[in-house]
1. Search the structure for amide H atoms under 5 Å from the amide H of GLY53, placed 1.01 Å from N in the peptide plane, and list their residues when 5 or more places away or on another chain.
2. Just one of [x] 134; [y] 122; [z] 89 is volume of the Cα convex hull per residue in Å³ as worked out from the coordinates here. Which one is it?
3. Long-range amide H contacts for THR30: which residues qualify at under 5 Å (H placed 1.01 Å from N, peptide plane, sequence gap of 5 or more or a different chain)?
4. Can you work out the Karplus-derived ³J(HN,Hα) for every residue in the range 45-57? Use 6.51 cos²θ - 1.76 cosθ + 1.60 with θ = phi - 60°, whole Hz, and x for glycine or proline.
5. Sequence neighbours fewer than 8 away in the same chain don't count; with that in mind, list the lysines whose C-alpha is under 17 Å from LYS87.
6. Using θ = phi - 60° and the Karplus form 6.51 cos²θ - 1.76 cosθ + 1.60, what ³J(HN,Hα) does each residue of the range 7-24 get, whole Hz, x for Gly and Pro?
7. Angle check, please: helix 77-86 long axis (alpha carbons) against the longest principal axis of the chain (alpha carbons), in degrees 0 to 90, nearest 10.
8. For LYS93, LYS103, LYS87, give me the order by solvent-accessible area with a 1.4 Å probe, most accessible first, ignoring ligands, DNA and RNA.
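The values are calculated or read from the model by the stated rules, or taken from the named source; none is laboratory data. Note that the coordinates shown come from a computational prediction; the quantities given were computed from them, not determined experimentally. Positions of Cβ are backbone-derived with ideal geometry, glycine not excepted, and every protein chain shown enters the neighbour counts. Accessible surface is based on the protein model in full, side chains and every heavy atom, while ligands, DNA and RNA are left aside. Shrake-Rupley method; radii C 1.70, N 1.55, O 1.52, S 1.80 Å.
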Amino acid sequence: MDKSILWMDLTVEDAEEVRDFYSEVIGWKTQPLDMGSYDDFVMVNDDQEPIAGVCHARGENADLPPVWIAYVQVESVDKSIKTCIEKGGQVIKPATPYSSNKKYAIIQDPAGATCAIWSEEDSP
């Protein structure tokens with residue numbers, strides 16, 4: 001399994017302003033991502049490949065810090081959460097289903113740095 005960074009998300013109060021900032025400073029294009037009552041944004045490169053997300057600090061993202069969060073693929077979110085706690089880390093957002101066999105969680109290491117862990121696990 002490739003344990004690499006799969007995605008980056010930034011969650012902020014004013015996602016439109018930050019979306020526009022990165023569009024102008026870096027040159028990323030944007031695509032809206034329907035979140036029900038509002039849109040978050042997928043940032044894409046010149047080839048229209050998704051690069052990252054800029055999200056509103058609302059709903060399930062309301063308590064996330066306004067920092068770029070790397071999503072790292074792991075074998076099992078549940079096993080990684082257990083090890084995180086054993087090693088002195090904290091769970092910022094518990095294991096959250098993304099689809100029938102995918103889930104993620106946001107953790108913080110003992111130094112205070114935050115990342116997300118993501119896995120595609122076989123359904124029971």
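1. For GLY53, whose amide H was placed from the backbone, the distant partners under 5 Å are MET8, ASP9, LEU10, MET43.
2. Answer by label: [y].
3. Answer set, sorted by chain and number: VAL44.
4. 8, 4, 8, 6, 8, x, 10, 6, x, 10, 10, 6, 7
5. Here the lysines satisfying the reach criterion relative to LYS87 are LYS79.
6. Running phi through 6.51 cos²θ - 1.76 cosθ + 1.60 with θ = phi - 60° gives 6, 10, 10, 10, 10, 9, 5, 10, 5, 5, 4, 5, 4, 5, 4, 5, 4, 7 Hz.
7. Helix 77-86 sits roughly 70 degrees off the main axis of the chain.
8. Per-residue accessible area, sorted high to low, gives LYS87, LYS103, LYS93.
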